[in-house]
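**Q** Submitted below is the structure of interest, expressed as structure tokens.
The values are calculated or read from the model by the stated rules, or taken from the named source; none is laboratory data. The structure displayed is predicted, hence computed values, not measured ones. Note that each Cβ is placed from the backbone with ideal geometry, even for glycine, and that neighbours are counted across all protein chains shown. Quick note on the areas: whole protein, heavy atoms, side chains included, nothing else; ligands and nucleic acids left out. Shrake-Rupley method; radii C 1.70, N 1.55, O 1.52, S 1.80 Å.
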Amino acid sequence: MGELERIHNHLNDWGFVCNDAAFAWPHARAGALREAVLRACQAAFGHRLMMDRVVPGGVTDDLTPGGAAAILAALAVVEDAIPALLSVYEGHASLQDRVVGTGIVPPALAARFAAGGHVGRASGRGFDARAAAPYAPYDTLPPVVPVLAQGDVDARVRIRIAEIDEAIRLLRALLAALPDGELQRPLPQRGGEGLGLVEGFRGECLHWVALDDGGLVRAAFPRDPSWLQWPLLEAAIEGNIVADFPLCNKSFNCSYSGVDL
């Protein structure tokens, strides 16, 4: 579910960056590809956005009988379409003029803010929770983490494209070796606290939870990756024209609600 979420959101953002440069065709094509992935998610998990499927202790449902086939079919469509879409993205000088060299976040600044996800990796910071603090299944199937140093809108788009390719590779390997076993494990009803870290499509998502002696939540703090990315958008727009703000903003695509959690 995490890798499928990564694919459909990266496709969405790639298309919207092009749209904000007044180039509608890549936006439409990326949107159609995203729709194919979302329909596969509906077929496999019963929900297009896979909401309410991950619960404390595991997941609510197994893949539907035809779920794996639906996912693989959607991946084939995306993989087949990306070269042509990338060729259009790279082959139009008017589009490249808008994204290359626009909205630069220097690597030193990204490192100071510990920015993760595509924002950090486009500016030389290669942190990825799947590799830095691996959790199953990434402890046995490590991802290849793309890193660039240009720090501009184009670099953030290219990180997304590379992550789409890598997510497709990971998904095929995961679907070919799905283990048997229970979907949920019972949680101990006792007090304590814990920290969770997973790599979402924007970067690392951190959750701290404390339970009282009865096992009820006493306190919690979720930190969206946007916490560490929003401040860098201010630096990215410096020295750019007003018309470039939508490009900078969409190339980050931070969560507005994420910083209010």
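**Q** What single numbered condition from (1) open to solvent by 30 Å² or more (accessible area, probe 1.4 Å); (2) under 18 Å from residue 155 (Cβ atoms); (3) among the hydrophobic types (A, V, I, L, M, F, W, C) fails to hold for residue 247?
**A** Checking residue 247 against (1) open to solvent by 30 Å² or more (accessible area, probe 1.4 Å); (2) under 18 Å from residue 155 (Cβ atoms); (3) among the hydrophobic types (A, V, I, L, M, F, W, C), the one that fails is (1).
**Q** Sticking with this one: Enumerate the pairs (first residue in the range 193-220 and of a type in the set (Phe, Trp, Tyr); second residue anywhere and surrounded by 14 or more Cβ atoms within 10 Å (Cβ to Cβ)) with beta-carbon separation below 7 Å, excluding pairs fewer than 6 apart on the same chain, so at least 6 apart or on different chains.
**A** Listed by first residue and then by second, the contacts come to 201/5; 201/6; 201/9; 201/10.
**Q** Could you check the range 114-136 and list, in sequence order, the residues that are open to solvent by 20 Å² or more (accessible area, probe 1.4 Å) and either within 25 Å of residue 86 (Cα to Cα) or not aliphatic (A, V, I, L, M) (or both)?
**A** Keep residues of the range 114-136 that are open to solvent by 20 Å² or more (accessible area, probe 1.4 Å), which gives 114, 124-127, 131-136.
Once the filter is applied, which keeps residues that are open to solvent by 20 Å² or more (accessible area, probe 1.4 Å) and either within 25 Å of residue 86 (Cα to Cα) or not aliphatic (A, V, I, L, M) (or both), the range 114-136 yields 124, 125, 126, 127, 134, 135.
**Q** Across the range 208-239, which residue is most open to solvent (accessible area, probe 1.4 Å) among those that are part of a loop (DSSP other than H, G, I, E, B) and not charged (D, E, K, R)? Talk me through it step by step, then tell me what you get.
**A** Pass one, the range 208-239, residues part of a loop (DSSP other than H, G, I, E, B): 212-216, 224, 229, 238-239.
With not charged (D, E, K, R) added as a condition, the list becomes 214-216, 229, 239.
Details: 214: 50, 215: 19, 216: 115, 229: 0, 239: 88 Å².
Per the stated criteria, the residue is 216.
**Q** In the range 1-60, which residues are among the acidic types (Asp, Glu) and over 19 Å from the mean Cα position of the chain (by Cα)? Before the answer, list the steps.
**A** Applying the first criterion (among the acidic types (Asp, Glu)) to the range 1-60 yields 3, 5, 13, 20, 35, 52.
Scanning the range 1-60 gives a single hit, 20.
**Q** Select from the range 172-190 the residues that are among the charged types (D, E, K, R) and more than 30 Å from residue 216 (Cα to Cα) and list them in ascending order.
**A** 172, 180
**Q** Find the helices (runs of 4 or more DSSP H) located wholly in the range 83-160 whose residues include 1 or more that are closer than 20 Å to residue 6 by Cα and under 16 Å from the mean Cα position of the chain (by Cα), and list them. I'd like the intermediate steps shown before the answer.
**A** Working: elements: 93-99, 107-112, 117-121, 129-132.
It comes to 117-121, 129-132.
**Q** Let me ask something additional. Out of the range 1-21, which residues are under 12 Å from residue 201 (Cα atoms) and aliphatic (A, V, I, L, M)? Steps first, answer last, please.
**A** Going residue by residue through the range 1-21, those that are under 12 Å from residue 201 (Cα atoms) are 1-13.
Scanning the range 1-21 gives 1, 4, 7, 11.
**Q** Still on this structure, I have one more. What number of residues within the range 137-173 are open to solvent by less than 30 Å² (accessible area, probe 1.4 Å) and among the hydrophobic types (A, V, I, L, M, F, W, C)?
**A** 10
**Q** Then there's this: Within the range 35-62, how many residues are on the phi < 0 side of the Ramachandran plot and part of a loop (DSSP other than H, G, I, E, B)?
**A** Restricting attention to the range 35-62, the residues satisfying the condition of being on the phi < 0 side of the Ramachandran plot are 35-45, 47-49, 51, 53-56, 59-62.
Now narrow it down to the ones that are part of a loop (DSSP other than H, G, I, E, B): 47-49, 51, 53, 56, 60-62.
Qualifying residue count for the region: 9.
**Q** Ok, one more. Can you say whether residue 81 is surrounded by 14 or more Cβ atoms within 10 Å (Cβ to Cβ) and modelled with pLDDT of 95 or more, as far as the supplied structure shows?
**A** Numbers: surrounded by 14 or more Cβ atoms within 10 Å (Cβ to Cβ): yes; modelled with pLDDT of 95 or more: yes.
Judged against the criteria, residue 81 is a match.
**Q** Determine whether the range 211-222 contains at least one residue that is closer than 30 Å to residue 44 by Cα and of a type in the set (Val, Ile, Thr).
**A** Checked against the condition, which is being closer than 30 Å to residue 44 by Cα and of a type in the set (Val, Ile, Thr), the range 211-222 yields no hits at all.
**Q** Output the residues belonging to the range 10-32 that are more than 19 Å from residue 152 (Cα to Cα) and open to solvent by 10 Å² or more (accessible area, probe 1.4 Å).
**A** 24, 25, 27, 28, 29, 31, 32
**Q** So residue 259 fits all but one of (1) open to solvent by less than 50 Å² (accessible area, probe 1.4 Å); (2) touching a residue at least 24 places away in the same chain (Cβ under 8 Å); (3) in contact with an Asp or Glu (Cβ under 7 Å, 6 or more places away or on another chain); what number is the exception?
**A** For residue 259, the failing item is (1).
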